[in-house]
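Undergrad: I have a structure I would like to understand better, so I am pasting it below and will then ask my questions one at a time.
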2 protein chains.
Amino acid sequence: MKFLDAEGLDGLTMRKLGAALNVQGGALYRHFPNKAALLDAMAEKILEGIGDPLPDAPWHDQVSILGARFRTALLAHRDGARLVASTHATGATIALGDLAVTIFCGAGLAPAEAGALAFALGYYVLGHTIEEQTQVHPSSGDEWQSRKAHLATDVSPQYAEAIDSLTSTDPTQRFAYGLDTFIQGIAGRIQPAPATR
Amino acid sequence: MKFLDAEGLDGLTMRKLGAALNVQGGALYRHFPNKAALLDAMAEKILEGIGDPLPDAPWHDQVSILGARFRTALLAHRDGARLVASTHATGATIALGDLAVTIFCGAGLAPAEAGALAFALGYYVLGHTIEEQTQVHPSSGDEWQSRKAHLATDVSPQYAEAIDSLTSTDPTQRFAYGLDTFIQGIAGRIQPAPATR
DNA sequence: ACCTGAACACCGTTCAAGT
DNA sequence: ACCTGAACACCGTTCAAGT
């Protein structure tokens, strides 16, 4: 995990990791059957405790807390989101999914619907966090700057403003906004809002 | 694109692609500066027309159509979702984002909020479609089967049922369900449901 | 039980040299 | 302008041999 934080996921090579451990690259194969298994284990480590019991609260608060916990875990290590997205952390995935499905079902959803929404929530958290962790590395001016400058032409003023806000807004706030919007949609699945029908 | 459909993203190598084109691998560097640029161009090709004008309809129908159009484009080529997620298809990303932001702003959202929700929508579509395209390849029994069998123990019956439904439900229906839930959440941002406050 | 050294079969990329 | 052939600097993985 120290090596990941220092060199990043792209710098993580069996040979280089071995060297950091004062060992030959091939020696790692006495501890993991292959690199994929090593990365899986690292992903599990990152998500350790992801399925711990949540505080007693209304279901939407629990979902909010769970989403934030997921994101925080991913942010705790360099390229954490990309690593988790590119591996199969089976144990953690089950723990997280079970927790989410249980919450949704407790709120009144059928298991099939609960499962679909649990995965949708996961996609959002992973996508948002990958982008958070990816946009930082470049020297100083973000990738967005060049993207905006490169094609500032024939783009709607609203879109330009939206992109601007992405670079200036607090990521944690943006994350919560999207998550809450999603939760609001789920609430509509439970007690259909009479106003919109 | 033919080579991608035949061999998949992992099988796409400069040497092998060159061979399929009756050319040496190094010859490709007269047409693309590097492999990343090649993949970017392929991602753009997959998303061609993603920003075309939408039929005149209520904003939520337009979002629904746009989401389905995005997914359909990704599904049209092997590993399309993974390819798009792992590259920077700048042009298509702008076209898609501009369209979504314009719709959301037209519905009454501020650009900053519209941008955040446009990206959230993108994360959902990409995540869902990557999973759709990834789960199919293994021989016959899905990866889910082994995952469920491997840890059928100490998992809530609701979660087991949710996982079962994921393998038996039509992906297109599941996709629409999650997308509609998300759209319902956005609707709540526009005209706050009086019942939930 | 764990590691070394060296090999095998690949990669992306570069570049003189050809046509 | 485009391609060849061959090299360079890497990969993941394997495996006899050592300790």
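The values are calculated or read from the model by the stated rules, or taken from the named source; none is laboratory data. Note that this is a predicted model, so its numbers are computed, not measured. FYI the Cβ positions are ideal-geometry reconstructions off the backbone, even for glycines, and counts take in every protein chain you see. Remember, those area values only see protein heavy atoms, side chains included, never the ligands or the DNA or RNA. Shrake-Rupley method; radii C 1.70, N 1.55, O 1.52, S 1.80 Å.
Undergrad: Find the sum over both chains of the accessible area lost when A and B are paired, probe 1.4 Å, and report it in Å² to the nearest 100. Write out the running numbers ahead of the final one.
TA: Details: alone 11990 and 11990 Å², together 19470 Å².
Heavy-atom accessible area buried at this interface is about 4500 Å².
Undergrad: Also, I was wondering about something else. Carbon and sulfur atoms: what percent of the 1.4 Å accessible area of the protein assembly as shown do they account for? Don't skip to the answer; put the middle values down first.
TA: On the way: 10510 of 19470 Å².
The value for the protein assembly as shown is 54 percent carbon and sulfur by accessible area.
Undergrad: Still on this structure, I have one more. Roughly how crowded by other chains is peptide A:174-186, in terms of the mean Cβ count from those chains within 10 Å of each of its Cβ atoms? Don't jump to the answer; show the numbers that get you there.
TA: Details: counts 6, 2, 0, 6, 10, 2, 3, 12, 9, 3, 11, 12, 4.
Taking all residues of A:174-186 together, the mean is 6.
Undergrad: Something else: Could you do me a favour and compute the accessible area per residue for chain B, 1.4 Å probe, result in Å²? Could you put the intermediate results ahead of the total?
TA: Details: 9730 Å² over 197 residues.
In whole numbers, chain B has 49 Å² accessible per residue.
Undergrad: Report the Stokes-Einstein translational diffusion coefficient (µm² s⁻¹, integer) for chain A, Rh taken as the Kirkwood radius over Cα pairs, at 37 °C with viscosity 0.692 mPa s. Before the final figure, lay out each step's value.
TA: Working: Rh = 19.2 Å.
Value of D from the Cα-based Kirkwood radius: 171 µm²/s.
Undergrad: Put the label 7 Å from Cα along Cα→Cβ for A:Met1; what are its distances to the other copies, in nanometres, shortest first?
TA: 4.5
Undergrad: Kyte-Doolittle cut-off 0.0, length cut-off 18 Å along the helix's own axis using Cα: show which whole DSSP H helices in chain B pass. It would help to have the intermediate numbers written out before the result.
TA: Working: long enough: B:59-75 (24 Å, 0.26); B:90-106 (23 Å, 1.45); B:111-134 (34 Å, 0.33); B:171-190 (29 Å, 0.07).
Taking the DSSP H segments of chain B (at least 18 Å long, mean hydropathy at least 0.0), we get B:59-75, B:90-106, B:111-134, B:171-190.
Undergrad: Given points 7 Å out from each Cα along the Cα-Cβ axis, report the A:Ala19 to A:Ala176 separation in nanometres with one decimal.
TA: 4.4 nm
Undergrad: Would you check the accessible area of A:Ser86, probe 1.4 Å, heavy atoms only, in square angstrom rounded to 10?
TA: Ignoring ligands and nucleic acids, A:Ser86 comes out at about 80 Å².
Undergrad: Still on this structure, I have one more. Rank by packing, highest mean first: peptides B:166-176, A:34-44, B:108-118, with packing defined as the count of other Cβ atoms within 10 Å averaged across residues. Walk me through the numbers before you get to the answer.
TA: Working: B:166-176: 14.1, A:34-44: 17.1, B:108-118: 21.8.
Put in order of decreasing packing, that is B:108-118, A:34-44, B:166-176.
Undergrad: With each pseudo-label sitting 7 Å past Cα toward Cβ, what's the B:Thr134-B:Ala6 distance in nm, one decimal?
TA: Those two pseudo-labels are separated by 2.7 nm.
Undergrad: Rounded to the nearest 500, what is the 222 nm mean residue ellipticity of chain B from helices alone, with -39500 (n - 2.57) per DSSP H run of 4+ residues and division by all residues?
TA: Working: 10 runs with 129 residues, N = 197.
Theoretical 222 nm ellipticity from helices: -20500 deg cm²/dmol.
Undergrad: How big is region B:53-110 by the Kirkwood estimate over distinct Cα pairs, in Å?
TA: On the way: mean 1/r = 0.0805 Å⁻¹.
Roughly 12.4 Å, rounded to one decimal.
Undergrad: Summarise the partner chain shielding of B:21-27 as one whole number: the mean count of Cβ atoms from other chains within 10 Å of each residue's Cβ. If you can, show how the numbers build up before the last one.
TA: On the way: counts 0, 0, 0, 0, 0, 0, 0.
The shielding value for this peptide is 0.
Undergrad: Still on this model: Can you give the convex hull volume per residue for the Cα atoms of the protein assembly as shown, as a whole number of Å³? Walk me through the numbers before you get to the answer.
TA: Details: hull volume 65.3 nm³, N = 394.
Dividing the Cα hull volume of the protein assembly as shown by its residue count gives 166 Å³.
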